[in-house]
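Bear in mind these aren't lab numbers, they're just calculated from the coordinates by the rules spelled out. Values in this document were obtained by computation on a predicted structure and should not be read as measured data. With ideal geometry, Cβ positions are generated from the backbone for all residues, glycine too; neighbour counts draw on all protein chains shown.
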Amino acid sequence: MQPPKISSMVEKLCTLYGTRIATVDNITYFDFPHVSALTDPSVEQSLREAGFGYRAKFIHKSACQIIKEGGVTWLQKLQTLPYEEAKTELMKLPGIGAKVADCICLMSLGHLDAIPVDTHIYQVAAQRYLPHLKNYKSVTNKVYNEIGEYFRDLYEKYAGWAHTVCKYMYMIKSGD
């Protein structure tokens, strides 16, 4: 359940830098690019031209840093670390904050207790679980952490999946 803009950017990234997998019904499919494919100095400009905006610099710089850290081996190591340690390591990458790190932990590294807190999850938490959060105008670090801790306490090791179901149900009910 990725927002359309993110899905579109992932598809563009694959088309620009991935390897062609197959063509079916005149549609060509590409795999996700290897991290090394994103380290060439021309990548940032190419991604800007493809509509990635400010993200272009972060994608390129993060790819370069991942390669310096050990590439795929480093990423695989993150799967074996406890969730909080993996998140901390990811947040050392350029442009990676708590939410993106939690998205990566949950959706790519198998850390099922990661809770990416966005506006939808904030609304769910404030309406259903933590009504005192309605007093906050935005998702501060304190609020972000409180929501994550609450979901982890409530849903334990599957908190991330519970988060996904809650978000989906919220979006259906709100028409988002």
Original post:
What does the helix-only formula give at 222 nm for the chain: each DSSP H stretch with n ≥ 4 adding -39500 (n - 2.57), the total divided by the residues, and the result rounded to the nearest 500 deg cm²/dmol?
Top reply: -17500 deg cm²/dmol
Original post:
Working from the pairwise distances between different alpha carbons, so that the mean of 1/r is found and then inverted, what is the stretch 24-68's Kirkwood radius in Å?
Top reply: 11.4
**OP:** Be a star and scan the stretch 26-45 for residues whose amide nitrogen sits under 17 Å from the point 7 Å along the Cα-to-Cβ vector of Ile67.
**Re:** 33-45
Subject >> Cross-link pairs Lys57/Lys77; Lys12/Lys157; Lys5/Lys77; Lys5/Lys167 - those with Cα-Cα distance over 23 Å >> reply: Lys57/Lys77; Lys12/Lys157; Lys5/Lys77
Original post:
Which one of Tyr150, Tyr83, Tyr54 has the biggest mean-square fluctuation once the chain is modelled by GNM with Cα springs under 10 Å?
Top reply: Tyr54
Subject >> Projected label distance in nm at Thr140 and Glu11, using a 7 Å step from Cα toward the beta-carbon >> reply: 4.0
Subject >> Note, ³J(HN,Hα) from phi for the stretch 78-83, Karplus 6.51, -1.76, 1.60, rounded to Hz, x at Gly and Pro >> reply: 4, 5, 8, 6, x, 3
**OP:** Tell me which residues come under 5 Å, amide H to amide H, from Phe30 once H is placed; ignore anything under 5 positions away on its chain.
**Re:** Ile21
Original post:
Taking amide H positions as placed 1.01 Å from N in the peptide plane, with prolines and chain starts having none, which residues 5 or more places from Asp113, or on another chain, fall under 5 Å of its amide H?
Top reply: Gly160
Original post:
What number, in nm² with one decimal, is the all-direction average of the projected area of the convex hull of the alpha-carbon atoms of the chain?
Top reply: 11.7
Subject >> Relative contact order of the stretch 1-69, defined on C-alpha pairs under 8 angstrom at six or more residues apart (%) >> reply: 25
